[in-house]
Amino acid sequence: QVQVVESGGGLVQPGGSLRLSCVTSKNIFSMYAMGWYRQVLGKERELVAAITTRSSTLYADSVKGRFLISRDNAKNTVYLQMDNMKPEDTGVYYCSKYPSGSWPWGQGTQVTVSP
């Protein structure tokens, strides 16, 4: 069964940066488009960014121009570089295949943007 492990979250001030990483457990990573998702307490999990197997990308309107998703197939890892962060970026960030579906969700990594 596929497992994912997210890391890199933390507390950052508005305008700051964080880089999230997500490692998958099976060597099938290169076969899937991958996505970063965010969940805020009381709200549904939403897509933040996705990257295809050919590294085409798409972003939620709220993060365009500030976030950058990338992948390293040799390391089974997908990254999310977050710059010029805003308080509304706060949430638990998860990664999974895109679209999400049969893969189990990981523990996520908490991101908090606050003065």
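Answer yes or no as to whether Val5 is open to solvent by 60 Å² or more (accessible area, probe 1.4 Å), in contact (Cβ under 8 Å) with a residue 24 or more places away in the chain and out of contact with any helix residue (DSSP H, G or I) (no Cβ under 9 Å at 6 or more places or on another chain). Here the answer is yes, as Val5 does meet what is asked.
For Thr53, state whether it is β-branched (Val, Ile, Thr) and loosely packed, with under 14 Cβ neighbours inside 10 Å. Taking the combined requirement at face value, the residue satisfies it.
Quickly run through segment 24-39 and pick out the residues that are part of a strand (DSSP E or B) and hydrophobic (A, V, I, L, M, F, W, C). Within segment 24-39, Met34, Trp36 qualify.
From the set of residues in segment 56-71 that are more than 22 Å from Ile28 (Cα to Cα) and either of a type in the set (Gly, Ala, Ser) or in a loop (DSSP other than H, G, I, E, B) (or both), which is least open to solvent (accessible area, probe 1.4 Å)? Among them, the one singled out is Val63.
Summed over segment 80-112, residues that are part of a strand (DSSP E or B) and touching a Lys or Arg at 6+ places or on another chain (Cβ under 6 Å) total 3. Contact map, segment 49-69: residues that are farther than 13 Å from Tyr37 by Cα paired with residues that are open to solvent by less than 50 Å² (accessible area, probe 1.4 Å) and not aliphatic (A, V, I, L, M), Cβ distance under 7 Å, separation 6+ or inter-chain. Pairs shown: Ser55/Arg71.
Taking segment 8-45, which residues are more than 15 Å from Asp72 (Cα to Cα) and open to solvent by 80 Å² or more (accessible area, probe 1.4 Å)?
Leu11, Gln13, Leu41, Gly42, Lys43, Glu44
The one condition from (1) in a loop (DSSP other than H, G, I, E, B); (2) closer than 10 Å to Cys95 by Cβ that Thr53 does not meet is (2). In the set Ser102, Ser70, Ser96, only one residue is at pLDDT below 95 and either among the aromatic types (Phe, Trp, Tyr) or out of contact with any helix residue (DSSP H, G or I) (no Cβ under 7 Å at 6 or more places or on another chain) (or both); that residue is Ser102. Just wondering, is there one or more residues in segment 11-21 that are more than 14 Å from the chain's Cα centre (by Cα) and under 23 Å from Pro104 (Cβ atoms)? The answer is no, given that none of the residues of segment 11-21 is more than 14 Å from the chain's Cα centre (by Cα) and under 23 Å from Pro104 (Cβ atoms).
The values are calculated or read from the model by the stated rules, or taken from the named source; none is laboratory data. Please read these numbers as outputs of a predicted model, since none were measured by experiment. Virtual Cβ from ideal backbone geometry, glycine too; neighbours counted across all protein chains shown. Ligands, DNA and RNA are stripped out before the accessible areas are found, and what is left, the full protein with its side chains, is counted by its heavy atoms. Shrake-Rupley method; radii C 1.70, N 1.55, O 1.52, S 1.80 Å.
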